[in-house]
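The values are calculated or read from the model by the stated rules, or taken from the named source; none is laboratory data. Computed from a predicted structure; not experimentally measured. Neighbour counts run over all protein chains shown; Cβ positions are idealised from the backbone, glycine included. Ligands, DNA and RNA are excluded from the accessible area calculation, which covers all protein heavy atoms including side chains. Shrake-Rupley method; radii C 1.70, N 1.55, O 1.52, S 1.80 Å.
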Amino acid sequence: MDAFFASPEPHLCRNLRDACLKRTPAIVQSQPNLDPLIDFARSCVRGFYADPRSMESRFLYDEEGSALFEEITRQPEYYLTRTEAAILAAHAAEIRELTGPTRILELGSGSAQKTDHLLRAWLEQGGPTRYYPVDVSAAALSSACAGIRSRFPTVEVVGVQCQYREAFPVLAQLSPVLVAFLGSSIGNFTPQETLAFVRALAAALRPGDFFLLGLDLVKERSILEGAYNDQAGVSARFTRNLFARMNRELGAGIDLDAIEHAAWYRQDQELVEISARFTREQTFRLTPPGRVITIGQGELVRTEISRKFRLERVMPELEGCGFAAERVFTDDQGWFALLLLRRRPLYSPRRGWRRSL
Ligand code: AVI
C-alpha cells in the first residue's frame, strides 16, 4: 500500500513563494483534497481490516504523539537521536563546505533540535541562511519555527505543514537546496515505499542538489529492542496514543487499559515491528464512516515498522535512484550513518545524456 498522498501542489508552491517574499505569515500549509478527519477514519478502517492489521504510522504524530516522540528521543535506551546529533556536530562544517551556501529543507523536522548543528555551520561559513522545516504536525512545526527564530535570529524560517511528498513540487523553486531527512525516519517506510520516495525526491531535485539522509544501521538485537521498549514506558504511551487519538477524534471509545505495547526485532526482515496488543476483546465504532470493528483478545495491530540498514545494500539502491554518494559519516561504534548524497547530473560519461532518471 502506498502511504503517500501524492498530489501536485500549485497552492503550496504559490504560498511558499509568497511567504519567501514576506507577504504571508511564515507557516504555509498544503490544501488537502481530503478532510483530515475522513482521511484518518478511512485509514483506520483500512488498517483494521488489513491482514495483518496495520496502521499508517503518519497518524502517530498528532500534537500528543509528536510531544511523546520528543520524549522518546531523550530516553537513555533510544540511542538514535544522540548518535546522529554527535555525527552532525562533528561534521556539519564539512557538510557545508561540500554543499556550498544552499537553502536547507528538512523533511519531518519535529523539534528541529539537531538542525542547530547545520544552521550554525551555514551561518559560520557566511551567506544568507534559509531554512524550511516540513512537518505534518502544526504544533511541532510552530514550536520548531519559534525555537529556531529565537536561537538563530538571522536565519529566515518558513515552516511548511504537509506530508513529505507534498513538499516535493517546491524543491525546484528552492534550488540550490539541501534536503535533510534525519533520524532514520526513512526506516518507517516499507522497502517499496522507500524506493518510490527516493525516486520521487530525485525527480523533484535539480541535478547538483543535495540529500542528507540519516540511517540507523543493523546491530545487536538487545540494543534495538531496548530502544523501542524504554524502561520509562514512553514508547508504550506513544503506541497507545494512536488509539487515544481514535477516541478523541473519531469517538471510538476504545479501552486504552486493554492495549499493550509490543516491539521486537525481526532479524529476517531487519526491522523493528511495533504493535498494539489487545488484552481483551473490544468492539468499537469509528465515526465517520461508522463501521463496527471487533478486535479479539491477544490480537495485534501493527502501528509502525522501523527498518535497520546495511550500507553495502542501501548505497547501490540510492545510486540506482539517481543519487551519488559524496560522503558517508558514521559514529565510532558504527551504529548510525549520515549520508551526504548528490542528485546526479543527467549526463554520465559512461552512459551519455539521459532524458530522465
Ligand atoms: C521517527 N522514527 C525514526 C522513529 C523510529 O525510531 O523508527 C519512530 C519511533 N517509534 C517508536 N520509537 C521511535
GLU84 is checked against (1) touching a helix residue (DSSP H, G or I) at 6+ places or on another chain (Cβ under 7 Å); (2) open to solvent by less than 20 Å² (accessible area, probe 1.4 Å) and fails just one. What number does that condition carry?
(1)
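Counting only residues that are within 10 Å of the ligand (Cβ to nearest atom) and among the hydroxyl-bearing types (Ser, Thr, Tyr), how many does the range 42-65 have? Working first, answer last.
Filtering the range 42-65 down to residues within 10 Å of the ligand (Cβ to nearest atom) leaves 57, 60-61, 65.
If we keep only those that are among the hydroxyl-bearing types (Ser, Thr, Tyr) too, we end up with 57, 61.
The qualifying residues number 2.
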Select from the range 216-244 the residues that are near the ligand (Cβ under 10 Å from one of its atoms) and of a type in the set (Asp, Glu) and list them in ascending order.
ASP216, ASP230
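Could you say which residue among PRO8, PRO52 is at pLDDT below 65, of a type outside the set (Lys, Arg) and not assigned by TED's automatic domain parsing to the domain that holds CYS162?
Details: PRO52 fails: at pLDDT below 65.
The conditions single out PRO8.
Quick check: anything in the range 84-104 in a loop (DSSP other than H, G, I, E, B) and either under 19 Å from the mean Cα position of the chain (by Cα) or among the basic types (Lys, Arg) (or both)?
no
Being touching a residue at least 24 places away in the same chain (Cβ under 8 Å) and within 21 Å of ALA262 (Cα to Cα) is the filter here, so list the residues in the range 74-94 that pass it.
Selection gives GLN75, PRO76, GLU77, TYR78, TYR79, LEU80.
Of all residues in the range 146-197, which are within 16 Å of the ligand (Cβ to nearest atom) and in a helix (DSSP H, G or I)?
Residues of the range 146-197 that are within 16 Å of the ligand (Cβ to nearest atom), as a first pass: 163-164, 180-191, 193-194, 197.
Result: TYR164, SER185, ILE186, GLY187, ASN188, PRO191, GLU193, THR194, PHE197.
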Checking GLU70 against (1) surrounded by 23 or more Cβ atoms within 10 Å (Cβ to Cβ); (2) within 16 Å of the ligand (Cβ to nearest atom); (3) part of a helix (DSSP H, G or I), the condition it does not meet:
(1)
Being in the same structural domain as GLU70 (by TED's automatic domain parsing) and farther than 20 Å from GLU64 by Cβ narrows it down to one residue among GLU260, GLU249, GLU273; which is it?
GLU273
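Look through LEU141, LEU105, LEU123 and report the one residue that is of a type outside the set (Gly, Ala, Ser), open to solvent by less than 20 Å² (accessible area, probe 1.4 Å) and out of contact with any helix residue (DSSP H, G or I) (no Cβ under 8 Å at 6 or more places or on another chain). Please lay out each step first, then the result.
Details: LEU105 fails: out of contact with any helix residue (DSSP H, G or I) (no Cβ under 8 Å at 6 or more places or on another chain); LEU123 fails: open to solvent by less than 20 Å² (accessible area, probe 1.4 Å).
After applying the criteria, what remains is LEU141.
So, in the range 85-129, how many residues would count as being within 16 Å of the ligand (Cβ to nearest atom) and out of contact with any Gly (no Cβ under 9 Å at 6 or more places or on another chain)? Outline the logic, then answer.
Within the range 85-129, the subset within 16 Å of the ligand (Cβ to nearest atom) is 85, 87-88, 106-115.
Cutting the leftovers down to out of contact with any Gly (no Cβ under 9 Å at 6 or more places or on another chain) gives us 85, 106-107, 115.
Matching residues across the range 85-129 total 4.
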